[in-house]
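Asks: Take a look at the following structure, please.
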Amino acid sequence: MDSKVPAHPVHSARPAHSAHGAHAENPAHPAHSVHPGHAENPAPETPAPGNSAPENSAPENSGPDDRGPGNPGPEGAARERPPRERLAPAHRIAADLDGYLGDPMDDEAGPFSYKAIVEAEERDELPPGAVDAVRAWGFPKYLVPIGLGGRLTTLEELFFVTRGISRRSVTVAVMYGSGLLAVNPVWLWGDDWQRRTVADGVLRGDLACFGVSEADHGSDVMASESEAEIQGDELVLTGVKWPVGNATRGRFVTTYARTGPRDFSLILVDKRELDPAAWSSLPPVRTVGLRGHDLSGVAFSGARLPAERVIGRRGSGLVQTLKTLQITRTAIAALSVGTMDAVVRIGMEYARQRTLYGSDIYKIPVIRDHLVKAHLDLLIAECVAIPVARCLTVAPGRLSLWSSIAKYFVPVLGEEVVASIGTVLAARGYLREGVAHGVFQKLQRDHAIASIFEGTTHVNLANVAGQLPFLIDPPAETGREDELLADLFRWTRTPPPWDPDGRLLQLTNEGRDEVGQRFEEISEEMLAAANAHAAPGVAAELKDLVSAIGALRARIEEGIRANEGDTSSVAALTRAKRYCELHAMTSCMLTWLHNRSAFGGAFEDGQWLVLCLQRLLQRAQPDTVLSEDLLPALEEAMFAATGERRWFSLLSLVPPSSSLLPSAGDE
């Protein structure tokens, strides 16, 4: 076995973790570090005397017009910043993991270097030491809620650490993602014994799997043939689940089975409780990507287990499954954002190093176009995915719609970005060696699973399409919409901790979508803020974009009203696609509105916002062009993130002198 470990393990010297689950070290955030895990983080500011605002929350006056008369805008005096604002703890947790795993471009970065990953891929294995490394850092603890001894406080934290692993190895991230899907029903509906048993096992490194799919039925769960017959105080389980991630290595199998003529239940199966003769693992499935991942199946033949292993109320398995998928759909977006970061980095480095016709190929217009658009797509993905990740503890009742939007839209963006970088790499992208040790082709194959997991692209579009007729005539507002959107989109607010309760999740949004339904109010607020605070010319560009987007919204609404009974045709799914794109546009606006004051710099100047909206509009109106005069600020951030090995992120637009990252003392 290879004993090499990632950069900066120092397990014995690691201080205890805080109540919020973040590591006590304060390494540089990937967005600000010259080399993740190597640069020093700016010293935390001293809070102003008498400041009683929560340390990770934005002050009450940090809305669009908070500069005051003494600071009129970008052409006025130096911009004032509210004191003591910090990013939510999820960012520091991700920074700690990133520094621990090391730079994947560095051949000496241990099992998470691209060199080690590709070498293991050739053997259909995970890199030796990779699983041990993430366990030693504590990743399994982010699958267990803090109330059960883990470190999972918010889904945002899990999103960021999954993104950090995915930019290196989607396969390792999927291994734990399959476990997350399996354990969430236990957290949401399990009894005390079930929760304690699974939590203890996961914290010790045991894996779990979700046994729902069957070879002949796929996503048609009502046709499931697996059956758990009730015999006195026992269940007798018979059936075959395939394909299932972690089915062979996993100790726990959350199994979907018939428990009555029309009833289905989720059953917690602990293989250690079963007669070995009553179950067996199926052979591993050979896959295009994710080589080394345990994708196999499990067969039960008269397996006896206590009747109290049913999770929650008997007969509620279908509803539990649909609700559980809302959480994991959101987490899957992290796989795509991590993959986008990886391939854009590979493409940028190659474009600056590869010389043709006397200069680097970035200067070739079509190459530049691919890289700029790929970078914009990554920023858009952040704007869409991060608020949905926060939604689990801010507004869980909205996940039924927003999780499907994120699950459809972000992986599709990821697929397009991967294909675009493949064009940049040309023949080099087809090789299993060379640029970044040939890892691009692995990332391309691995990421293909993102649109398939937890409901295919079409399944999620159908879920969106089914809710559209109820969204065009919204119910009366509650008066909490502004605060809700601030909680979702302001990165300096820490979401509430997760206290798992399946009753808070809903099967529909009941006609509410505070993002999509408040486009007019959000647009007005954005234009007012842009006139006062954005760079010259940005407000005029945004005004034109709002007009174009408004016309697109009107056409979509007209189509929905004219076809209210149609939620499954190709035309209905096309309307759902456009609705997802509108959601992404509004999410970009809200991300700028709620963070511009705290972030400042190129972020507040807003050129990126114009470019992202133009890029999104190109999906419906391909002749839309990016404003060339707004590209320099974006490209400066792209080059800096490439040269300094920082994450590609909206945070790359924040001035380097900023000290937004929370320190250990903040918690």
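The values are calculated or read from the model by the stated rules, or taken from the named source; none is laboratory data. Bear in mind that the values here come from a model prediction, so they are computed numbers and not experimental data. Neighbour counts are summed over all protein chains in view; Cβ atoms, including those assigned to glycine, are modelled from backbone coordinates with ideal geometry. Ligands, DNA and RNA are excluded from the accessible area calculation, which covers all protein heavy atoms including side chains. Shrake-Rupley method; radii C 1.70, N 1.55, O 1.52, S 1.80 Å.
Asks: What does the accessible area per residue of region 527-608 come to in Å², with a 1.4 Å probe and no ligands, DNA or RNA counted? Don't jump to the answer; show the numbers that get you there.
Replies: Details: 2840 Å² over 82 residues.
Counting only protein heavy atoms, the per-residue value for region 527-608 is 35 Å².
Asks: Then there is this: Filter the DSSP H helices in the chain by two things, a Kyte-Doolittle mean of at least -0.5 and an axial alpha-carbon span of 15 angstrom or more, and list the hits by number. Intermediate results must be reported in sequence, preceding the final value.
Replies: Details: long enough: 89-101 (18 Å, -0.04); 155-166 (16 Å, 0.71); 170-189 (29 Å, 1.37); 192-203 (16 Å, -0.63); 317-353 (54 Å, 0.45); 365-394 (44 Å, 1.07); 399-425 (38 Å, 1.19); 457-471 (21 Å, 0.65); 519-533 (20 Å, -0.09); 538-562 (36 Å, 0.44); 570-599 (43 Å, 0.11); 607-620 (21 Å, 0.51); 631-643 (18 Å, 0.75).
Helices passing the filter in the chain: 89-101, 155-166, 170-189, 317-353, 365-394, 399-425, 457-471, 519-533, 538-562, 570-599, 607-620, 631-643.
Asks: Quick check on packing: order 271-277, 341-347 by the mean number of other C-beta atoms within 10 Å, highest mean leading. Before the final figure, lay out the partial values.
Replies: Details: 271-277: 12.0, 341-347: 25.7.
Order by mean packing, descending: 341-347, 271-277.
Asks: So between D623 and E225, what do we pick up on full extension, going 0.36 nm a residue minus the alpha carbon distance? All intermediate terms of the calculation are to be shown ahead of the outcome.
Replies: Numbers: separation 398, 0.36 × 398 = 143.28 nm, distance 5.06 nm.
Gain in length upon complete extension: 138.2 nm.
Asks: Divide by every residue of the chain the summed helix terms, -39500 (n - 2.57) for each DSSP H run of at least 4, and state the resulting mean residue ellipticity at 222 nm, rounded to the nearest 500 deg cm²/dmol. Present the calculation step by step, with values, prior to reporting the outcome.
Replies: Working: 18 runs with 302 residues, N = 667.
Calculated from helices alone, the mean residue ellipticity at 222 nm is -15000 deg cm²/dmol.
Asks: Hey, can you grab everything whose amide H is under 5 Å from the amide H of F264? Only 5+ residues off in sequence or another chain; H modelled, so Pro and N-termini drop out.
Replies: Under 5 Å from the amide H of F264: T259, G315, G317, L318.
Asks: Between the alpha-carbon centers of region 527-604 and region 364-417, tell me the distance in whole angstrom.
Replies: Taking the Cα centre of region 364-417 as reference, the centre of region 527-604 is 14 Å away.
Asks: Using a 1.4 Å probe, how large is the accessible area of C383, given in Å² and rounded to the nearest 10?
Replies: Rounded to the nearest 10, the figure is 0 Å².
Asks: Relative contact order for the chain: what percent, with Cα pairs under 8 Å and sequence separation of 6 or more?
Replies: Values: 1249 pairs, mean separation 119.1, N = 667.
Answer for the chain is 18 percent.
Asks: Hey, how many Å between the Cα centroid of region 257-331 and the Cα centroid of region 424-445?
Replies: 36
Asks: Right, here's the next one. How many nm is it between the label spots at I364 and A215, if each spot is 7 Å from the Cα in line with the beta carbon?
Replies: Those two pseudo-labels are separated by 4.7 nm.
Asks: Roughly speaking, what is the stretch gain from E125 to D200, that is 0.36 nm per residue apart minus the C-alpha to C-alpha distance, in nm to one decimal?
Replies: Length gained between E125 and D200: 24.3 nm.
Asks: Please get the size of the charge dipole for region 308-364, origin at its Cα centre, with Cβ charges of +1 on Lys and Arg and -1 on Asp and Glu, quoted in debye to the nearest 20.
Replies: Numbers: 9 positive and 4 negative charges, 62 e Å.
Roughly 300 debye, rounded to the nearest 20.
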